[in-house]
Amino acid sequence: MKLFDVYPLFDINIVKGKGCHVWDDKGTEYLDLYGGHAVISIGHAHPHYVEMLGKQVATLGFYSNSVINELQQQLAERLGKVCGYDDYSLFLINSGAEANENALKLASFHNGRTRVVSFSKAFHGRTSLAVEATDNPKIIAPINNCGHVTYLPLNDTEAMKAELAKGDVCAVIIEGIQGVGGIQSPTDEFMQALRKACTEHNTVLILDEIQSGYGRSGKFFAHQYNGIKADIITVAKGIGNGFPMAGVLISPMFTPVYGQLGTTFGGNHLACSAALAVLDVIEQEALVDNAAQVGAYLMEELKKFPQIKEVRGRGLMIGLEFEEPVKELRLRLLKEQHVFTGVSGTNVLRLLPPLCLGMDEANLFLERFKKAL
């Protein structure tokens with residue numbers, strides 16, 4: 001059997017990671033500014049994280065959700081306090097797409113509606129309804145194309161108000177900052193108008209913070225810059241520092257019903273240990289503040305490069321838009337300067353380093369970036 005060939009791969013075999021650095025099987029070291037959405041350390045290599053997972057897997061890695069799991073309760077309490085949503089409830093699953101599926105199901109259970117509003121260039125996952133809410137026809141199979149979703153331009157307040165005024169929209173799902181869409185941020189004015197319109201029309205507001213959450217923006221959630229609260233928030237990626245895990249944060253306006261949602265592996269003992277270790281390190285090492293400070297410095301310095309058309313983002317979620325395609329630049333950064341970066345579309349480089357990125361490493365990136373240009 002061979003692997004199903006759906007990923008275009010770089011010819012690099014990464015075997016070790018630590019902090020913001022990774023090493024290949026030949027011993028070459030790379031600065032990783034993309035990192036698979038790690039928060040505390042590339043490759044799960046933070047010593048506290050390793051210790052907690054080691055202890056847990058030696059004791060109990062997994063057991064059924066039909067019994068009490070005190071680690072889930074600890075995680076809910078800790079996460080609520082650190083993110084400012086301590087009166088909300090937490091449902092744990094395994095992936096971002098699964099989090100968005102459950103969020104949309106909850107919204108539909110709540111108001112009985114079936115129509116969803118999403119936005120141009122949105123990405124919400126690859127499963128049934130999550131992929132339908134994703135603005136990319138290439139990855140929506142005919143079986144997923146069920147007519148539930150209306151896409152609107154991001155930050156078009158009048159179009160949004162007109163759509164919600166129809167009174168039949170189940171939910172609006174929006175990213176705190178669009179990741180795959182090129183690091184595009186909703187404006188304060190738009191988000192505040194959206195919050196008001198959702199309340200007026202009994203429409204559930206879902207904030208997808210899968211890429212932009214968990215401190216990446218310099219606040220715990222990116223939508224907290226906009227001065228609003230969401231009805232449901234979805235998290236993944238950063239929650240377990242790369243361990244397969246996700247969560248749905250659910251407003252008290254929703255009443256849980258036995259059997260309404262379920263999962264086999266979601267919130268298992270090992271996953272919860274990973275998530276608790278992440279919260280420990282975020283707090284002990286002040287990583288949210290670090291993301292804000294180092295990110296602001298990086299963006300200010302990157303704006304000085306005349307080759308870059310626009311620098312966008314917040315904290316350590318940064319997009320660099322160029323007039324021309326970035327494919328060759330990204331390859332030069334990787335092959336010649338040993339720096340991993342991401343892309344969005346053809347003209348945008350994406351930077352999503354671990355939140356432990358320090359000033360020295362930021363300067364190292366700037367130095368190598370200058371050489372690659």
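The values are calculated or read from the model by the stated rules, or taken from the named source; none is laboratory data. Note that the structure is a prediction, hence the values are computed from the model and not measured. Cβ atoms come from the backbone with ideal geometry, glycine included; neighbour counts cover every protein chain shown. Note: accessible area is taken over every heavy atom of the protein model, side chains too, but ligands, DNA and RNA are not part of it. Shrake-Rupley method; radii C 1.70, N 1.55, O 1.52, S 1.80 Å.
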Pairs where the first residue, in the range 277-296, is more than 14 Å from K81 (Cβ to Cβ) and touching a residue at least 60 places away in the same chain (Cβ under 8 Å) and the second is open to solvent by 40 Å² or more (accessible area, probe 1.4 Å) and not in a helix (DSSP H, G or I), C-beta under 8 Å, 6+ apart: A292/K219; G295/R314
So L320, is it closer than 25 Å to L90 by Cα and outside any loop (DSSP other than H, G, I, E, B): no
Positions within the range 222-243 being assigned to a helix (DSSP H, G or I), closer than 23 Å to G54 by Cβ and open to solvent by 10 Å² or more (accessible area, probe 1.4 Å), in sequence order: K237
Residues of the range 12-25 satisfying the condition of being farther than 21 Å from L351 by Cα and without any contact (Cβ under 8 Å) to a residue 12 or more places away in the chain: V15
Residue count, the range 253-302 (criterion: polar (S, T, N, Q) and not in a helix (DSSP H, G or I)): 5
Candidates F369, F305, filtered to the one that is farther than 30 Å from A58 by Cβ and touching a strand residue (DSSP E or B) at 6+ places or on another chain (Cβ under 8 Å): F369
Pairs where the first residue, in the range 46-67, is within 15 Å of E285 (Cβ to Cβ) and in contact (Cβ under 8 Å) with a residue 12 or more places away in the chain and the second is open to solvent by 90 Å² or more (accessible area, probe 1.4 Å) and of a type outside the set (D, E), C-beta under 9 Å, 6+ apart: H46/K18; H48/Q284
So K121, is it within 27 Å of L316 (Cβ to Cβ) and open to solvent by 60 Å² or more (accessible area, probe 1.4 Å): yes
Restricting the range 27-45 to residues that are touching a residue at least 12 places away in the same chain (Cβ under 8 Å) and assigned to a loop (DSSP other than H, G, I, E, B), the residue that is nearest to G295 (Cα to Cα): L33
The range 324-373 - residue that is of a type outside the set (D, E) and without any contact (Cβ under 8 Å) to a residue 12 or more places away in the chain and, of those, nearest to V311 (Cα to Cα): N363
Test for V278: is it among the hydrophobic types (A, V, I, L, M, F, W, C), in contact with a helix residue (DSSP H, G or I) (Cβ under 9 Å, 6 or more places away or on another chain) and under 30 Å from Q74 (Cα atoms): yes
Selection count, the range 143-190, where residues are open to solvent by less than 10 Å² (accessible area, probe 1.4 Å), among the β-branched types (V, I, T) and without any contact (Cβ under 8 Å) to a residue 40 or more places away in the chain: 0
Condition broken by I210, with the remaining ones in (1) more than 26 Å from V278 (Cβ to Cβ); (2) part of a loop (DSSP other than H, G, I, E, B); (3) of a type in the set (A, V, I, L, M, F, W, C) satisfied: (1)
Which listed residue is within 18 Å of H37 (Cα to Cα), more than 19 Å from the chain's Cα centre (by Cα) and buried (at least 20 other Cβ atoms within 10 Å of the Cβ), from F369, F365: F365
Residue match in the range 327-350 (condition: closer than 13 Å to D32 by Cβ and among the basic types (K, R)): yes
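For the structure I just gave you, tell me whether V15 is under 27 Å from E336 (Cα atoms), of a type in the set (A, V, I, L, M) and open to solvent by 30 Å² or more (accessible area, probe 1.4 Å).
So V15 fits the description; yes.
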Residue in the range 178-193 that is farther than 26 Å from I318 by Cβ, modelled with pLDDT of 95 or more and out of contact with any Gly (no Cβ under 8 Å at 6 or more places or on another chain) present: yes
Residue under evaluation V288, criteria (1) hydrophobic (A, V, I, L, M, F, W, C); (2) within 30 Å of K55 (Cβ to Cβ); (3) more than 15 Å from the chain's Cα centre (by Cα); (4) open to solvent by 10 Å² or more (accessible area, probe 1.4 Å), criterion not met: (3)
Extreme residue, farthest from L106 (Cα to Cα), among residues of the range 244-260 that are open to solvent by less than 40 Å² (accessible area, probe 1.4 Å) and within 22 Å of the chain's Cα centre (by Cα): M245
